[in-house]
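**Student:** Here you go, one structure.
The values are calculated or read from the model by the stated rules, or taken from the named source; none is laboratory data. Everything quoted here is computed from the prediction, not taken from an experiment. As a convention, Cβ positions derive from the backbone with ideal geometry for all residues, glycine included, and neighbour counts pool all protein chains shown.
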Amino acid sequence: MPDTAEEYLVTQLKNAHALEQMSLRMTAAASKAAEDDQLRKIFDTHHQQTETHERLIRERLEAHGEGPSALKDIAARVAAVGKGAAAVVPDDKPGRIVRDGYIQEQTEIASYELLRRIADRTGDRETVRAAERILEDEREAAAKLAHNWERAAELSLQAAVGGR
Ligand SMILES: [Fe+2]
């Protein structure tokens, strides 16, 4: 258990960093598996955004005196954010890729909504700003995926039963 609000904030930053590392792997795997230009573009764009998110959160951890060793134990962190290892690499069906991607974005949105409030209460304005900036990208990525339910369903059906 963390003793202070500062320690609690750092724990939440570590969890956010693990989420971003997961997101990097997921978006890369989803892009590879997409077999559809429109879906691939969504994952490629968000992969680039996620590289920025990972850096922003790493910089906030460094500002709190946490070095690279703090970021190593990703397996434990992934468990801490409530996901199994299977969640890191999505199934290769279009519907599953979009579903798993959407769930990942919603998890990140919820995490950053909390993180920005925790940071606000502990007076860390830089983390508030980072969380708000990242939230914009996560919402945009979730919205793009949500625009593609029809496409994902169609592609999934095609993959399952062949073209009509
Ligand atoms: Fe994301």
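**Student:** Here are some residues: Arg133, Arg139, Arg129. Which one is surrounded by 12 or more Cβ atoms within 10 Å (Cβ to Cβ) and under 14 Å from Tyr102 (Cα atoms)?
**Tutor:** Residue meeting the stated conditions: Arg139.
**Student:** Could you tell me how many of the residues in region 43-77 are part of a helix (DSSP H, G or I), more than 15 Å from the ligand (Cβ to nearest atom) and either within 17 Å of the chain's Cα centre (by Cα) or modelled with pLDDT of 95 or more (or both)?
**Tutor:** Qualifying residue count for the region: 11.
**Student:** I've got another one for you. Modelled with pLDDT of 90 or more and either polar (S, T, N, Q) or part of a helix (DSSP H, G or I) (or both): does that describe Gly101?
**Tutor:** yes
**Student:** Considering only region 146-154, I want to know if a residue exists there that is modelled with pLDDT under 95 and of a type in the set (Gly, Ala, Ser).
**Tutor:** Looking for residues that are modelled with pLDDT under 95 and of a type in the set (Gly, Ala, Ser), one finds at least one in region 146-154, hence yes.
**Student:** Name every residue in region 26-39 that is crowded, with 16+ Cβ neighbours inside 10 Å and either away from the ligand (no atom under 16 Å from the Cβ) or outside any helix (DSSP H, G or I) (or both), in order of residue number.
**Tutor:** Once the filter is applied, which keeps residues that are crowded, with 16+ Cβ neighbours inside 10 Å and either away from the ligand (no atom under 16 Å from the Cβ) or outside any helix (DSSP H, G or I) (or both), region 26-39 yields Ala33, Ala34, Asp36.
**Student:** Any idea how many residues of region 10-25 are farther than 12 Å from Ile57 by Cβ and either away from the ligand (no atom under 14 Å from the Cβ) or not in a helix (DSSP H, G or I) (or both)?
**Tutor:** Count: 1.
**Student:** Filter region 142-164 down to the residues that are basic (Lys, Arg) and touching a residue at least 40 places away in the same chain (Cβ under 8 Å), then identify the one that is surrounded by the fewest Cβ atoms within 10 Å (Cβ to Cβ).
**Tutor:** Arg151
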